[in-house]
Amino acid sequence: MRIVFLGPPGSGKGTQAKLVSQRLSVPAVSTGDMLRIAVRTATPLGMKARAVMAQGELVPDDLMFGLIRERLTQADAGAGAGAGASKGFVLDGYPRTIPQAESFEKLLAEDGAVLDAVVNFDVPDPVLVERLSGRADVERRADDRPETVRERLRVYHEKTEPLVNYYRGKGLLVSVDAVGGIDEVAQRIERGLAARARQGAA
Ligand code: AP5
């Protein structure tokens, strides 16, 4: 399965990506985690991304494409650039703009691969703010400060939310109510993906 998780900051994409990845035995690929490692280890990409991320803005599309291309052509995911049979992935945090979605589609097409589903995490903004301010106390992520969370939400609504209609138009969208307990949301995702797989097979 090649699955994209789409949703606002704090909607639970990372939490659920790990669960689905275990259940389906495919890697969970988080662009946010990859960027945070790059920042921590001060790679050239990390140096460019640090300030952008701390302000809650998006890292430029061309840098993100390089990162995702390199990761998804590794053997465990095997998508694009003639990497052979695609094994699949749960992608958390990419694509995040329409141009990212378009170049991603071309990358998959290099292998004759397509996405199977795009799970959209539906959570109202006040719940997101509450979750992220809770995490700010525990994990101390630099971009969980209230003013940065507001900017991340603004950027999400402006640049990423249009992907909901984009993927709906392609018949790939699985919308999930992501308010509720982690297990409850996991079950909704499982049911949504199963329904989507049945549609795809019909
Ligand atoms: P990224 O790390 O992707 O941040 P995000 O989308 O803002 O997502 P989060 O990790 O904050 O939230 P999540 O939806 O994964 O929720 P989580 O499971 O953690 O990206 C960070 C930055 O990197 C971006 O701002 C940007 O600068 C850059 N970037 C990344 N990808 C990019 C791209 N493609 N293009 C350009 N720039 C890019 O859960 C959140 C909290 O809620 C946790 O504390 C969790 O324990 C809790 N929680 C989870 N589920 C539940 C539940 N059901 N009920 C209650 N609490 C819950």
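Readers should treat all values here as calculations from the given coordinates under stated rules, not as data from a laboratory. Small disclaimer: the values here were computed from a predicted structure and weren't measured.
A few comments on the model shown:
- Cross-link reach is defined here as a Cα-Cα straight distance under 17 Å, omitting same-chain residues fewer than 8 places apart; for LYS18 the lysines meeting it are LYS87.
- Segment GLU147-ARG69, extension gain: residue separation times 0.36 nm, minus the distance between their alpha carbons: 24.9 nm
- Amide hydrogen neighbours beyond the local backbone of ARG2, cut-off 5 Å, H modeled: PHE89, ASP116, ALA117
- Per-residue ellipticity at 222 nm computed for the chain from its helices equals -17000 deg cm²/dmol, with DSSP H segments shorter than 4 residues left out and the rest contributing -39,500 (n - 2.57).
- Here the Gaussian network model covers the chain, with springs between Cα atoms less than 10 Å apart; of ALA38, ALA178, ALA28, ALA38 fluctuates the most.
- Long-range amide H partners of ALA28 with built H, under 5 Å: VAL90
- Divided by 2.2 N^0.38 Å, where N counts the residues, the Cα radius of gyration of the chain comes to 0.98.
- Rg to Rh quotient for the stretch 163-202, alpha carbon positions, Kirkwood Rh: 1.03
- Computed from backbone phi, the HN-Hα couplings of the stretch 41-47 come to 9, 6, 6, x, 5, x, 5 Hz, rounded to whole numbers (Karplus: 6.51 cos²θ - 1.76 cosθ + 1.60, θ = phi - 60°; Gly and Pro given as x).
- Å³ per residue enclosed by the Cα convex hull of the stretch 119-202: 99 Å³
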